[in-house]
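Participant: Sharing a structure with you now.
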Amino acid sequence: MKLLEFEAKEIFRAHGIPIPNGVVINSPDELRDTLDGFTDDVVVKSQVDVGGRGKAGGIIITKKADAVIAAEHLFSFPIKGLIPKAILVEEKLSIDHEYYVSITIDRSTREPVILFAETGGVDIEETAKTNPHALRRGGFSPLLTEVPGYVMREILGTAPKELGPVINNLYKAFCASDALLAEINPLVTTPRGVFAADAKLIVDDNALGRQGITANRDLTPREREAEENGFSYVELDGSIGVIGNGAGLTMSTLDLIKHYNGKAANFLDVGGGAGRERVMKAVRLVAGMPEVKVIVVNLLGGITRCDEVAKGIIDAGVEQRVITRLAGTNEEEGKALLAKNGYQMLDTMEDVVRQAVKEAAA
């Protein structure tokens, strides 16, 4: 789950990372009573959990006298469709230089890796593409509680040594927060020292309870429904709904859809032993996506009974065409039930996917 900037900064501050003086407001009126504590120039930031806020107009640098007007504007200004419920107002820092630093997990080595660049800011993604050597990286054992000195020296290069303690504290915040990503962009040097001018923190969904977070704000209503039903579910941007049992089979179905030039609308793994009601809920969930034109149900019957799957598909009674491939326990019974009720069951995964891609394109 992505934390908002002010939430991430509070965690960073608790781990010894300097952040600008600021205040979080939930309405423009709250700002009027706190402006006296600011210098003449302030930064007003929309608090939405999407990137590119600066380019989208969600960050305004203004005079203190105009800060309330800026806040009023941002509270009604959507950033990628999101309206902020909170605004962060901070002092404007006198920046000497901007750097980029992030910590994530390298999945290939299963170790934390630090990414560092001597140029930070809104164009860091473009810098990484056009000049990949500008982004230095260093990995180390997750058993270590601090960044090893040799790794710190390699990533910093000629950058100021004062950045080292901040990066070390960022790693501590990363570990303590069960994070998948901790990022400061930009990490800035000023006449007053080093500051995290921005902050990003993504917490592992599996650790939300341990972090005291009761609800995952990143979930859409369908994703929340899927979680409640115990489905492994990811929303995509295609028009072919996908339901499988087992992550490998479901991913193979997505790959095959891509191979035949189709686009999957989702990944939904109902799990092993899915019964009639569970399948019905899965089909209705996928059918509720407005982009879905056709649904592929690709299940292997072991502990899962194909006749129960067929009954669940029929019970769902969705408008979209449902094309199935069931193989295994009670396969013939399932096939007969589907045929009797006007559903199409094909023999192979390739046949099902080709037919779905054809109908989605029609």
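Every number here is computed from the coordinates shown, using simple stated rules; none is lab data. What you see is a predicted model; the values in this text were computed from it and never measured. Quick reminder, even Gly has a Cβ in these numbers, built from the backbone with ideal geometry, and neighbours come from all protein chains shown.
Participant: Over the residues of the chain, compute the C-alpha Rg and express it relative to 2.2 N^0.38 Å.
Facilitator: Rounded to two decimals, the normalised Rg is 1.23.
Participant: Using modelled backbone amide H atoms (1.01 Å from N, in-plane), which distant-in-sequence or interchain residues come within less than 5 Å of residue 179's amide H?
Facilitator: Here 204 satisfy the definition.
Participant: Projected onto the charge dipole of the stretch 21-91 (+1 at Lys/Arg Cβ, -1 at Asp/Glu Cβ, origin at the Cα centre), which of 87, 34, 52 gives the Cα projection farthest towards the positive end?
Facilitator: Farthest towards the positive end: 52.
Participant: Once you've got the GNM for the chain with C-alpha springs shorter than 10 Å, pick whichever of 72, 225, 319 has the biggest mean-square fluctuation.
Facilitator: Of the options given, 319 has the highest mean-square fluctuation.
Participant: If you don't mind, another one. Starting from the Cα gyration tensor of the stretch 97-207, take the square roots of the eigenvalues, sort them a ≥ b ≥ c, and report rounded, prolate or oblate (rounded when a/c is under 1.5, otherwise prolate if a/b is larger than b/c, else oblate).
Facilitator: Rounded shape, in that the Cα axes give a/c under 1.5.
Participant: What shape does the stretch 221-361 take by its C-alpha gyration tensor, where a ≥ b ≥ c are the square roots of the eigenvalues and a/c under 1.5 counts as rounded, a/b above b/c as prolate, and the rest as oblate?
Facilitator: rounded
Participant: Can you list residues from other chains, or at least 5 along the same chain, whose modelled amide H is less than 5 Å from the amide H of residue 328?
Facilitator: HN-HN under 5 Å from residue 328: 301.
Participant: How about residue 85: which lysines have a C-alpha closer than 28 Å to its C-alpha, ignoring those fewer than 8 places off in the same chain?
Facilitator: Of all the lysines, those that pass the test against residue 85 - Cα under 28 Å, at least 8 places apart if same chain - are 2, 9, 45, 55, 63, 64, 200.
Participant: Tell me, what HN-Hα J-couplings in whole Hz come from the Karplus equation 6.51 cos²θ - 1.76 cosθ + 1.60 at θ = phi - 60° for each residue of the stretch 79-89, using x for Gly and Pro?
Facilitator: 10, 6, x, 9, 9, x, 9, 9, 10, 9, 10
Participant: Also, I was wondering about something else. Helix 331-340 versus the longest principal axis of the chain: what angle, 0 to 90°, nearest 10, using Cα atoms?
Facilitator: Relative to the chain, helix 331-340 is tipped by roughly 80 degrees.
Participant: From the phi angles alone, apply the Karplus equation (6.51, -1.76, 1.60; θ = phi - 60°) to the stretch 236-242 and give each ³J(HN,Hα) in whole Hz, x where the residue is Gly or Pro.
Facilitator: Values, residue by residue: 10, 10, x, 10, 10, x, 10 Hz.
Participant: Moving on. Only counting other Cβ atoms within 10 Å, I'd like 100, 260 sorted with the fewest neighbours first.
Facilitator: 260, 100
Participant: Can you tell me which of 165, 18, 221 moves the most in a GNM of the chain? Springs connect C-alpha atoms under 10 Å apart.
Facilitator: Its mean-square fluctuation being the largest, the pick is 221.
Participant: List every residue whose amide H lies under 5 Å from the amide H of residue 304, counting only residues 5 or more places away in sequence or on a different chain, with H placed 1.01 Å from N in the peptide plane.
Facilitator: Result for residue 304 returns 273.
Participant: Treat the count of other C-beta atoms within 10 Å as a stand-in for reagent exposure and order 222, 192 from fewest to most.
Facilitator: 192, 222
Participant: If you plug each phi of the stretch 2-12 into the Karplus form 6.51 cos²θ - 1.76 cosθ + 1.60 with θ = phi - 60°, what whole-Hz ³J(HN,Hα) values come out, in order, with x for Gly and Pro?
Facilitator: Listing the rounded values in order: 7, 8, 6, 4, 5, 5, 5, 5, 5, 5, 4 Hz.
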